[in-house]
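Sharing a structure here in structure tokens format.
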Amino acid sequence: KDPARSAWLKDSADNTLENVIKNEKITVLIGTSGQYGCFTEQVVRAVHQNTDRPMILPLSNPTANCEALPEDIFAWTNGQALVATGSPFAPVEHGGSTFHIGQCNNVFVFPGVGLGIIASGAKEVPPSFFTAAAKAVSDYVTEEAMAKGELVPPVTELQNVSLKVAQAVGETAINANLGRLCAFSDFQHNNDPERLRELIVNMRWQPEYLPLIRDTQE
């Protein structure tokens, strides 16, 4: 495209992240740049000017690439920001409150999506599977947690979240007439949600191992 004909293509001193946020009234900032510290105080404050509860998501990994540190984000927004990060962070103390930082990671989605597809015997993977998975993760966050600014479940709940995601994906496949026989089990869902749930629970991998006992009779 020709910058002479499209003004938005021209280089301008106004084309900064802060100015874009101000001009477009941005309320959610998602960081996948891998540029440490690019969500500066001015940038975060600009988002806060557009909403009482700005959503700031510095998702780049590892911590050395994080766009902003949670403790700084809470300081710059007086504890009003909704924050989730790509790397694990310790809880942040601010203004007499403790903020638990949710880890926004695809690990909440892909195990359950795969299990739901396998259990349902889905013959294709449409976008609706991922919409169902996202909603299942969202529904797992309680009202109490949301009131505290927590956006995603804790990693300690990963196994339970994965089962919810698998069920949601499997039911979506069945409802869309995409389900088939499960090739990895004699027990079948028969297009029934309860049987699907039982199948999913039975198919999931459990990290259980036989104890290793040293032979002392040598």
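The values are calculated or read from the model by the stated rules, or taken from the named source; none is laboratory data. From a predicted model like this one, the values you see are computed outputs, not experimental measurements. Cβ: placed from backbone, ideal geometry, glycine included. Neighbour counts: every protein chain shown.
Within the group GLU150, GLU144, which residue is in contact (Cβ under 8 Å) with a residue 24 or more places away in the chain and of a type in the set (Asp, Glu)?
Result of the check over GLU150, GLU144: GLU150.
Residues checked against (1) surrounded by fewer than 21 Cβ atoms within 10 Å (Cβ to Cβ); (2) of a type in the set (Lys, Arg); (3) closer than 22 Å to GLU41 by Cα; (4) not assigned by TED's automatic domain parsing to the domain that holds ASN50:
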{"position": "GLU93", "(1), (2), (3), (4)": "yes, no, yes, no"}
{"position": "HIS100", "(1), (2), (3), (4)": "yes, no, yes, no"}
{"position": "SER128", "(1), (2), (3), (4)": "yes, no, no, yes"}
{"position": "GLY179", "(1), (2), (3), (4)": "no, no, no, yes"}
